[in-house]
1. Which helices (runs of 4 or more DSSP H) sit wholly inside segment 316-423 and have at least 3 residues that are at positive phi, modelled with pLDDT under 80 and in contact with a helix residue (DSSP H, G or I) (Cβ under 9 Å, 6 or more places away or on another chain)?
2. Of everything in segment 242-262, what is part of a helix (DSSP H, G or I) and modelled with pLDDT under 85? Give them in sequence order.
3. For segment 297-314, which positions are within 20 Å of residue 33 (Cβ to Cβ) and in a helix (DSSP H, G or I)?
4. What is the number of the single condition among (1) at pLDDT 85 or above; (2) surrounded by fewer than 17 Cβ atoms within 10 Å (Cβ to Cβ); (3) within 24 Å of residue 588 (Cβ to Cβ) that residue 119 does not meet?
5. Going through 261, 251 one at a time, which residue ends up being closer than 25 Å to residue 38 by Cβ and touching a strand residue (DSSP E or B) at 6+ places or on another chain (Cβ under 9 Å)?
6. Restricting attention to segment 90-116, and to residues there that are part of a loop (DSSP other than H, G, I, E, B) and within 21 Å of the chain's Cα centre (by Cα), which single residue is modelled with the lowest pLDDT?
7. Please note which helices (runs of 4 or more DSSP H) are completely contained in segment 1-62 and include at least 1 residues that are modelled with pLDDT under 85 and under 27 Å from the mean Cα position of the chain (by Cα).
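The values are calculated or read from the model by the stated rules, or taken from the named source; none is laboratory data. Just so it is clear, the model here is predicted, and its values are computed rather than measured. Cβ atoms come from the backbone with ideal geometry, glycine included; neighbour counts cover every protein chain shown.
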């Protein structure tokens, strides 16, 4: 039963497989996880690991996924449970080393890491996050005798693409392992009359899912009504909101139908990535960020054997959410803390640091409090010792004096580590820290430009086994990334090699036409220049409907340095416009709210900033337009009124701003149209008249502003329609004639101005 039902290979020390070999401690957490998999009665809770950055939460999830996803024979599990808690290390070791096929079988598991920005997917968004989870599950079960099926979710995705005019994207984004099935749904939707789609889709289900599907239809009660219910959902609001529940419903049904499948594990890492560096967000915006994840977790039938494991730096505030709250009784929060000195000593022993006095010195150096040893610092200490040893330099306790402060400690450890490697490798590391990711070709490029000896045999293979380097998924195999800690320290310290590498890489990517990557490096050289170019290029691409370019720019967006709230709002505003253009309205709404929050934060510091006031007004106006589209009329009225307030504040400071007058007129026009729709006729008449006054003000300042003429025509057309509705026919005729004159003016200035021909024709018809 779901919560909803009840409520209503890399050889390094600090990264990769070597880190798994050195995995130490976490015995209680390992045993707890095994209990979730092996206890006869599944636990109806979400397992949430939390703790400071660098404490090894991601490594713990990797360890559990690769070494501990095992379902033991009942008698074996009983024997393990009988071992006293004092000997928990013995239990953890047995779980880790047990061989599938002897007394246990593997449990399918998938991982969704919200911190990954290198694979082109915005995993934190509800649509892309679920799609990635769907693809991961399809891949994990591709070779198993009991593949998972997601018929309702797959149809809902196809239907969404169909209703938004992007049907071919369904074949691109849904699992390639099930392309015949997806194509069948696409064909059924595109080639069948609306009334017959539900029956045709059920036929596709039966054809592609096999004989067992007929039985599953009976067990889960899947009928044409389920398909029709999805067809009846408004795609931009209701359907998007329903996707997590449909996904969970299909997974719940699959677990109920597959007797062989006792458990499945869904790992979610880096929960904090939903917010990045933003913590002071309005409550509505804060809880919107991970709303789809809460919705999914609530809808999963945990009692059917689905195990959900989430890791993040802070305990979740899910109980406080107004929508899809998860009460505390459904959370099992476990702290992933620092190492104890005993565990730290065991770690160093496994890392081949055997000298007891040196061990104690390293433990003291890596300690952040009494009896609390920071795992990342301890790993770096071990790296220093091992790298020095490889150069024939055997360090002693005297080489690790009293530890400096935390940031200095990180820098000192990294500098020490680089001190014990070849100078060419040191230069290469600082150069490659400029890359978001690199391969051998990029390594050679930087070597030639910065004059370090770049050859595969001499250095690249050594480099890719180094502590700061791990493999990433990007554009294919053999792509790597320097540890974020080193990249941050190099940028903050203004490392000259890193800066020169950014210059080389900016030019390299511009020559290749990869503008997004070039902007990233421009941003690292001059953060404001990079952000301004990002906004300029993104807005231009959006205007030309170059959605592929917008997606590549969004891929680097989270890596940009943005050092004031105005630019943060500007970027969120552009993102919102993009999502609105794709009819992804919930995501657009969230980005508009984030932009408004950023502008308000900027205004709290500089209250009389007219640019910020104007942008805030524009964003509120666009939010109002979006809310009208979603039939959220009270919210839209409020947004329009707030927009006008922002424009009035800006105009109070600068009366000769034609754009501000024009924008104010648009907000008044939108408000008037909504008031007319809501039969608030006196208010609508007043708004139209104020809008005309604002457009006239703009035209007094810039007489040849074609947009102002066009907007004035729209206001006069709206006013004429309202006057005709109120039987004020002479006044309506006069308004239509004035509107026609305004559209003529706009077309004289710009003959192909968007919409003016149609509006001109509408006025002419009404006059006749």
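1. Numbers: elements: 341-350, 356-366, 375-390, 406-419.
Per the criteria, no element qualifies.
2. First, the residues of segment 242-262 that are part of a helix (DSSP H, G or I): 242-257.
Selection gives 256, 257.
3. At the first step, the residues of segment 297-314 found to be within 20 Å of residue 33 (Cβ to Cβ) are 297, 300-313.
Once the filter is applied, which keeps residues that are within 20 Å of residue 33 (Cβ to Cβ) and in a helix (DSSP H, G or I), segment 297-314 yields 297, 302, 303, 304.
4. Failing condition for residue 119: (1).
5. Values: 261 fails: touching a strand residue (DSSP E or B) at 6+ places or on another chain (Cβ under 9 Å).
Only one candidate passes the filter, namely 251.
6. Here is the first cut: in segment 90-116, the residues part of a loop (DSSP other than H, G, I, E, B) are 98-103, 107-108, 114-116.
Filter once more, keeping what is within 21 Å of the chain's Cα centre (by Cα): 114-116.
Values: 114: 84, 115: 77, 116: 65.
Here the answer is 116.
7. Working: elements: 3-7, 16-21, 27-38.
Ranges flagged: 3-7, 16-21.
Conditions (1) touching a helix residue (DSSP H, G or I) at 6+ places or on another chain (Cβ under 6 Å); (2) within 26 Å of residue 291 (Cβ to Cβ), marked per residue:
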{"site": "535", "(1), (2)": "yes, no"}
{"site": "543", "(1), (2)": "no, no"}
{"site": "576", "(1), (2)": "yes, yes"}
{"site": "591", "(1), (2)": "yes, yes"}
{"site": "617", "(1), (2)": "yes, no"}
{"site": "621", "(1), (2)": "yes, yes"}
